[in-house]
Amino acid sequence: MKKFGKTISMLCAACIMVSGVTLTAFAESSSINEQTIDVKFRQVIDMPDVAAEDAELLALAMEAGATTGWVYNEAEQRFERLVTYDDVEVSVSGTDVDLDTNGRARVLTQANDTVEVEVYDPMLDKTYTQLISGDSTESAIIIDLDISPMFSIDVDNEELEKMDIQTRASTTDPYWSNGEKGVYGYRLHCNRFNGYMGNGTYYSSHTSVQSLLNFFASDCDWALGSYTYCLADYGDNPYCAASPSSKQASCSTLMGHYNRFHMHTTYTGK
Ligand SMILES: [Zn+2]
Ligand SMILES: [Zn+2]
């Protein structure tokens, strides 16, 4: 009997040890979270004050912008859209992860940890860093891209204007004068003003409701929905450029469109 009692107490001790190990193991596994990270870019176009007489044009721009995902944020006076870029490189706590076509990555994160997510855009050679909580099961990374400067580029053109040289686009000249109306087949820097509902006119350096209407559903707008390439036009290695001629309207070529000026017969058509 005495021996039996001893056996029981040894068994109990073993039980406690086993359950202790089990509890520790459970505690460890519960501190790891399977987490979905959603990586999105929010493109923003700041609007100037919209004059009362432009209200109708703005309504038209809202309709045209909707075809490529743009929404007008009235409180902020800007157009916004969320896009997914799957050609960016993402790392979580220093380890590279793959994004699916919806811009999502599935990772394991440690509870109570702050986790660093790095998103690198090779085209812009730019890294964005955001911190997320290791406790979550879902996190959203939203990177703001202000594309308002797209409406004030073409430095070459501005330089030429300063020199008071008559600039006219043609089938051989890719430089446009401010307010110049597009002609089919003319060379250009980027097809960013051939939107279906626009007037096909080039505006060099201002954001107006009309210039937005020209941009929405243009070749460039469609391209920016899938690639950041045209945003590189401000840097040392532009994607679309007036010179060299091989870079003219590269985003049109990318979308399978004609790389000289053309208008469209539908929102999505060539
Ligand atoms: Zn372009
Ligand atoms: Zn086109």
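Hey, could you check region 229-248 for residues that are of a type in the set (Gly, Ala, Ser) and touching a helix residue (DSSP H, G or I) at 6+ places or on another chain (Cβ under 7 Å) and say which is surrounded by the fewest Cβ atoms within 10 Å (Cβ to Cβ)?
Restricting attention to region 229-248, the residues satisfying the condition of being of a type in the set (Gly, Ala, Ser) are 232, 235, 241-243, 245-246.
Add one more test, that the residue is touching a helix residue (DSSP H, G or I) at 6+ places or on another chain (Cβ under 7 Å), and what stays is 241-242.
Details: ALA241: 20, ALA242: 22.
Looking at residues that are of a type in the set (Gly, Ala, Ser) and touching a helix residue (DSSP H, G or I) at 6+ places or on another chain (Cβ under 7 Å), I get ALA241.
Checking the conditions here, which among GLU63, GLU80, GLU53 is at pLDDT 80 or above, of a type in the set (D, E, K, R), surrounded by 11 or more Cβ atoms within 10 Å (Cβ to Cβ) and in a helix (DSSP H, G or I)? Exactly one residue qualifies, and that residue is GLU63.
Would you say GLY235 is within 16 Å of ligand 1 (Cβ to nearest atom), under 24 Å from the mean Cα position of the chain (by Cα) and closer than 30 Å to ALA59 by Cβ? Here the answer is no, as GLY235 does not meet what is asked.
Scanning region 186-211 for residues that are within 14 Å of ligand 2 (Cβ to nearest atom) and over 22 Å from PRO238 (Cα atoms), which turns out surrounded by the most Cβ atoms within 10 Å (Cβ to Cβ)? Spell out how you get there, then give the answer.
Quick first cut of region 186-211, residues within 14 Å of ligand 2 (Cβ to nearest atom) only: 186, 188, 190-198, 200.
Checking which are over 22 Å from PRO238 (Cα atoms) leaves us with 196-198, 200.
Values: TYR196: 18, MET197: 17, GLY198: 23, GLY200: 18.
Across region 186-211, the extreme among qualifying residues is GLY198.
Identify, from the list SER226, SER170, the residue that is within 13 Å of ligand 1 (Cβ to nearest atom), part of a loop (DSSP other than H, G, I, E, B), at pLDDT below 95 and surrounded by fewer than 23 Cβ atoms within 10 Å (Cβ to Cβ).
Working: SER170 fails: within 13 Å of ligand 1 (Cβ to nearest atom).
Sole residue among the options that is within 13 Å of ligand 1 (Cβ to nearest atom), part of a loop (DSSP other than H, G, I, E, B), at pLDDT below 95 and surrounded by fewer than 23 Cβ atoms within 10 Å (Cβ to Cβ): SER226.
Considering region 240-270 alone, what residues qualify as being more than 16 Å from ligand 2 (Cβ to nearest atom) and either of a type in the set (D, E, K, R) or more than 13 Å from PRO174 (Cβ to Cβ) (or both)?
LYS247, the sole residue that qualifies.
Among the residues of region 115-131, those that are modelled with pLDDT of 95 or more and not hydrophobic (A, V, I, L, M, F, W, C) comprise GLU116, GLU118, TYR120, THR127, TYR128, THR129, GLN130. Contact map, region 240-257: residues that are on the phi < 0 side of the Ramachandran plot paired with residues that are among the charged types (D, E, K, R) and within 13 Å of ligand 2 (Cβ to nearest atom), Cβ distance under 6 Å, separation 6+ or inter-chain. Pairs shown: CYS251/ASP219; SER252/ASP219; MET255/ASP219; HIS257/ASP219; HIS257/LYS270. Restricting attention to region 173-210 and to residues that are at pLDDT 90 or above and of a type in the set (Gly, Ala, Ser), the residue that is nearest to the chain's Cα centre (by Cα) turns out to be GLY195.
Within region 89-104, residues that are crowded, with 16+ Cβ neighbours inside 10 Å sit with their Cβ atoms under 7 Å from residues that are assigned to a loop (DSSP other than H, G, I, E, B) and among the aliphatic types (A, V, I, L, M), at 6+ positions apart or across chains, in these pairs: VAL90/LEU99.
The values are calculated or read from the model by the stated rules, or taken from the named source; none is laboratory data. The structure presented is a predicted model; accordingly, all values stated were derived computationally and were not measured. Note that we place each Cβ from the backbone using ideal geometry, even for glycine, and neighbour counts take in every protein chain shown.
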